[in-house]
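The values are calculated or read from the model by the stated rules, or taken from the named source; none is laboratory data. Please read all numbers here as calculations on a predicted model, not as lab measurements. Virtual Cβ from ideal backbone geometry, glycine too; neighbours counted across all protein chains shown. To get the accessible areas, we keep the full protein, side chains included, count just its heavy atoms, and leave off ligands, DNA and RNA. Shrake-Rupley method; radii C 1.70, N 1.55, O 1.52, S 1.80 Å.
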Amino acid sequence: MERAERHFHIVEKLKRLCGSGFAAVAVLCVFSVDGHASDFDEANQLYDQGKFSSAKQQYEKLVEAGEGSANIFYNLGNTDYRLGSVGRAILNYERTLVLNPRHPEAQTNLWLLRQQTGARLRTLLWFERAVATQTIGVWTMCAAVAGWAMLFGFAFIWMSRGDDKSGLWLLAVTSTFVFAASLSASWVAAKDQTLAIVTARQTDARLAPAESAGVAEALPAGSRVRVLSERGEWVYCELPGAGRGWISQKALERVRPERS
């Protein structure tokens, strides 16, 4: 798959945020998508022409068609930012990193926008930060490979008649450790299926599912929560401040859509 990159200057708000001498650069990722290349090219052209609303429609059309790659979500995040929808831009950068945790431009833009909005995030433990460096698919594959290696290692130890089994024991013990670690990482990554981002400019998490209820925590755009349950138009969430509260369905969106 061929890939090229074109650069454009990020908007003035980010320049002011980072200092007058700093020019942040966003990257519009351009590549070929079989069967959808014309739609993608059209979206990029519309973006270059400053027709951001039309470009957004074209990018979303690709996502709905099942072509939601990391680069498409990244371009969609850039487009949302140009449209002034900071919360949705953060959401799409988060989606980019779900598919490609090492996407450097998405990492940079996400950090900048969080600084701008004051988005609230739960502090991650060291193990959670390590898990976030890879996708759930990678951790699941590691667990599967290590699990088979562990089984074969112990099977060969049991069947071997030789005296020196140190190599087999090393294989069995090492693969057991890798299997346990990868399985734990897969479980932690699976919890991220419930992550959601506040897309509204500002919303309050309530102590009960009603606008008249007390405020549990104020959440700026881009704040990250974990969905626990839903009730009608309200979502019960684990909040960044370690508490729990109810948020309006309209104010947030899951990083991973439920259909995925």
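Details
- Any pair with Cβ under 7 angstrom, 6 or more apart, that starts in segment 42-57 at a residue that is farther than 12 Å from Ile72 by Cβ and open to solvent by less than 50 Å² (accessible area, probe 1.4 Å) and ends at one that is modelled with pLDDT of 90 or more and of a type in the set (Lys, Arg): Phe52/Arg82
- Checking Gly232 against (1) surrounded by 14 or more Cβ atoms within 10 Å (Cβ to Cβ); (2) at pLDDT below 95, the condition it does not meet: (1)
- Which listed residue is over 22 Å from Glu238 (Cα atoms) and out of contact with any helix residue (DSSP H, G or I) (no Cβ under 6 Å at 6 or more places or on another chain), from Thr96, Thr79, Thr123, Thr133: Thr133
- Test for Ala196: is it among the small types (Gly, Ala, Ser) and over 16 Å from the mean Cα position of the chain (by Cα): no
- Test result for Phe152, open to solvent by 60 Å² or more (accessible area, probe 1.4 Å), over 30 Å from Leu83 (Cα atoms) and touching a Ser or Thr at 6+ places or on another chain (Cβ under 9 Å): yes
- Matching option when the condition is among the aliphatic types (A, V, I, L, M) and farther than 26 Å from Arg114 by Cα, among Leu183, Leu195: Leu183
- Candidate set: segment 69-118, residues that are among the small types (Gly, Ala, Ser) and open to solvent by 20 Å² or more (accessible area, probe 1.4 Å); chosen: the one nearest to Ala43 (Cα to Cα): Ser69
- Of the residues making up segment 152-167, those that are at pLDDT 80 or above and farther than 23 Å from Val138 by Cα number 8.
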